[in-house]
Amino acid sequence: MNQNATMGARIKALRKEKKYTLKQLAEETGLSIGFLSQLERGMSSIAVDSLAKIAQVLGVGLSTFFTDVQKTSRDPISRSCELLWRSDGPEISQAMLSRDLYDFDILPRIFQLMPSADPDRVDGAIHRHSGEEFIYVLEGVVTVYQEDREYTLYPGDSIQIHSHIPHNWVNRTNKIARLLSVSFPNPFKEERTGKTSAGKAESCKEGSDE
């Protein structure tokens, strides 16, 4: 079972345990029913911020879904050879770039995007949540979707966005792309301090209840 399927099964089990329907979970999180249905079947990836909202509603910590992240360490250096990569689907993977996910206000990550099987399709849901994001392209060409516009970023290009604006990115080329992402607030720190992000995370996809 891949990581998406494992996470989806875990979310479904927690939802059933809480006796929530997909419709109720959608109403509480601001995510669409269709997106949640795909997520539970392991057919879609999810942004950390949106996952944090699901965790909050289901009454569990965000770390419940990240058992493979780096443990807090006194050594502040993240060594490239020690990065733990986590698959978010067949075309995207990420690694945390912090040795202490719970002590800082920002969350730095590196994403690797494989060539898209369908260049005209956005990989996963269009995301919207609280906070800000900074994206810097390290390698390859990345298409960033922001609301009803799209931007092509080349190595060395960057973009900073308000995360409440619908957004996502995709690799529409035939070569691997890598990007640095720095987001605020850090949902792991919010989990530890008991704070919650203002607003609701959303997906622009719609669907039916299960």
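If you take all C-alpha pairs in region 125-183, what percent of them are over 15 Å apart?
Every Cα pair in region 125-183 considered, those over 15 Å come to 44 percent.
For a Förster distance of 25 Å, can you work out the FRET efficiency between the beta-carbons of Y151 and K175, rounded to the nearest 0.05?
0.85
So if we plug the beta-carbon distance of E82 and V182 into 1/(1 + (r/R0)^6) with R0 = 22 Å, what FRET efficiency do we get, rounded to 0.05?
The value I calculate is 0.65.
Taking square-rooted eigenvalues a ≥ b ≥ c of the alpha carbon gyration tensor, is region 3-66 rounded, prolate or oblate, where a/c under 1.5 means rounded and, failing that, a/b exceeding b/c means prolate?
Rounded.
Determine the alpha carbon to alpha carbon distance for each of K18/K189; K23/K53; K53/K189; K12/K53 and list only those over 23 Å.
K18/K189, as the Cα separations exceed 23 Å there.
Taking a ≥ b ≥ c as the square roots of the eigenvalues of the Cα gyration tensor of region 80-191, is the shape rounded (a/c under 1.5), prolate (a/b larger than b/c) or oblate?
Here region 80-191 falls in the oblate category.
Read the figures in this text as sums done on the coordinates, not as results from a lab. Computed from a prediction, not measured in an experiment: that's the story for all the values here. For neighbour counting, all protein chains shown are included, and Cβ atoms are generated from backbone atoms with ideal geometry for every residue, glycine included.
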